[in-house]
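Remarks on the structure that follows.
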Amino acid sequence: MYKVTATVFMIVAATIPCASADDIDDVLKLRDTKNILPLSQILEKIGSAFPGTLLDVDLENEHGKIIYEMEILSHEHRIQHLKVDAKTGEILIEDDD
C-alpha cells in the first residue's frame, strides 16, 4: 500500500503541473466518463509489484493515449519510474534509477 495522504482535489492537482481549474475539470471529466481509472485504483493494481512511497505522479497525453507517469521510492531506496495506461492500468514502462 502506498503512503498517499491527500484529498481528492490535491491528488488531481498533483497530476498536472501548475493545474488550473480547467485542467482539474478535464481530469475529472476523463475519470467520470471512464476514460481513465482513478489514481487510487491504479495504485491498488500496482501496489504489490511496486511497494514503496509514491513520490510523484503526472497525467500525460502521449500520442493519444493517456498515461500516468509515476515515481516510487522502493523499500530498497531506489526510485522506480513507471508509465501506466490510465484507462486499463497496464504497466507500459518500468525503469529503476
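The values are calculated or read from the model by the stated rules, or taken from the named source; none is laboratory data. Keep in mind that what you see is a predicted model, and the values were worked out from it rather than measured. Cβ: placed from backbone, ideal geometry, glycine included. Neighbour counts: every protein chain shown.
Of everything in region 44-63 that is in contact (Cβ under 8 Å) with a residue 24 or more places away in the chain and either more than 12 Å from the chain's Cα centre (by Cα) or in a loop (DSSP other than H, G, I, E, B) (or both), the residue that is surrounded by the fewest Cβ atoms within 10 Å (Cβ to Cβ) is Ala49. Screening Pro51, Pro38, Pro17 for residues that are modelled with pLDDT under 75 and not polar (S, T, N, Q) leaves exactly one candidate, Pro17. Within region 50-68, the only residue that satisfies the criterion of being among the aliphatic types (A, V, I, L, M) and within 10 Å of Gln80 (Cβ to Cβ) is Leu55.
Of the residues making up region 64-97, those that are within 16 Å of Leu30 (Cα to Cα) and either at pLDDT 90 or above or not in a loop (DSSP other than H, G, I, E, B) (or both) are Lys65, Ile66, Ile67, Tyr68, Val84, Asp85, Ala86, Lys87, Thr88, Gly89. The residue that is surrounded by the fewest Cβ atoms within 10 Å (Cβ to Cβ), among those in region 74-86 that are within 16 Å of Glu44 (Cα to Cα) and either over 11 Å from the mean Cα position of the chain (by Cα) or not basic (Lys, Arg) (or both), is Ser74.
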